[in-house]
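Comments concern the structure below.
Each value in this text was obtained by applying a stated rule to the coordinates, not by laboratory testing. If you're wondering where the values come from, they're calculated on a predicted model, not measured in any experiment. A quick note on method: Cβ atoms are made from the backbone with ideal geometry, for glycine too, and the neighbour counts reach across all protein chains shown.
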Amino acid sequence: MAEPGAPVEQRLSVQRAIAADPATIFEILTTPSGHVAIDASGMLMSAEGERVKAVGDRFTVHMDRESLNDYPLGEYTVNVVIARYEPDRAVAWTIDGVMQPPIGHVYGYELEPIDGGTMVTSYYDWSNIHENYRAAAASIFPVISETNLRATLGILARVAAPGQRRPGATETAKGGVDLSDR
C-alpha cells in the first residue's frame, strides 16, 4: 500500500514475448477488428472503420460496460483516435466518446524485435487526463486492470502466433511447478 502523500501511480505497463514478427502484431493492433479480437476486458463488442495509418486517424468501437460492472454506462460508442503511430514499432490512442471533453487517457503498445519474435509492451496511461476529471481520477482509474492488460497480451499471442511457444518460455514437467524443494 502506498504511503500517505506518496505519488499515485498513473500508468500500468506489462510485457510479453510473442512468437510473431513486429509487422504481424502491428497489423492486428492497427485494425478495428484486431482491437475487438484481442480485448480481454469484454467491453469491446464490435468495431467499424479502416486500418489506421497515421496520427489523427480514427475508427469506431461499440462498447458494453456491463462486463466490468463498475459504472452503469451500458452500451455506448466511442471513437479511437490515434495519438502515436510508428510502423512496426508503436501505436497508441485516446478515446473520444461519451465523456466530453475527452478524458485523455492513453492506451498503447510498443514492439521490440527479439530472437524468435517480438517483446510487446502494453500500457495504459492516465497521467495527462483533462483537468475536468482530475479530482475524480482516484475513483475512476484504472478502468482496465493490469490483469486485463496481461490477458490481452495472451490473446494477442494466440491471434498473432497460433500454436507457437512464447520466445524464452521454460517448460515444466506435466505443465506444473516443482515445489519439492520448498
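Ordered by the number of other Cβ atoms lying within 10 Å of each residue's own Cβ, fewest first, SER46, SER139 fall into the sequence SER139, SER46. The calculated FRET efficiency for the pair ARG51 and GLU75, based on their C-beta separation and a Förster distance of 30 Å, comes to about 0.75.
Restricting to Cα pairs below 8 Å that are 6+ residues apart, what does the relative contact order work out to for the stretch 12-167? Please round to a whole percent. Intermediate values should be presented prior to the final figure.
Values: 326 pairs, mean separation 46.0, N = 156.
It comes to 29 percent, rounded to a whole number.
The length gained by stretching the chain between ARG89 and GLN164 to full extension, at 0.36 nm per residue less their Cα-Cα distance, is 24.9 nm.
Taking a Cβ cut-off of under 14 Å around SER67, the surrounding Lys, Arg, Asp and Glu residues balance to a net charge of -4, with basic ones at +1 and acidic ones at -1. Taking Cβ atoms as reference points and 14 Å as the exclusive limit, the residues near ILE114 contribute a net charge of -1, counting Lys and Arg as +1 and Asp and Glu as -1. Taking other C-beta atoms within 10 Å as the exposure proxy, TYR107, TYR85 rank TYR85, TYR107 from fewest upward. If you model the chain as an ellipsoid using its alpha carbon gyration tensor, with each semi-axis the square root of five times an eigenvalue, the axes come out at 29, 22, 16 Å, biggest first.
Spin-label pair SER127-ARG11: with each label point 7 Å from Cα along the Cα-Cβ axis, the two points sit 0.4 nm from one another. Dividing the helix sum by the residues of the chain, where each DSSP H run of 4 or more adds -39500 (n - 2.57), gives a mean residue ellipticity at 222 nm of -5000 deg cm²/dmol.
The 3J(HN,Hα) values that the Karplus relation (6.51, -1.76, 1.60; θ = phi - 60°) gives for the stretch 79-92 are, in residue order, 10, 7, 10, 5, 10, 8, 8, 10, x, 6, 10, 7, 8, 8 Hz. Gly and Pro appear as x. Each of GLU112, GLU48 was scored by other Cβ atoms within 10 Å of its Cβ. Arranged with the fewest first, they read GLU48, GLU112. Under the simplified labelling scheme, the ARG150-VAL36 pair shows an inter-label distance of 2.9 nm, with each label point 7 Å from Cα along Cα→Cβ. Helix 146-160 and the longest principal axis of the Cα set of the chain meet at an angle near 60°.
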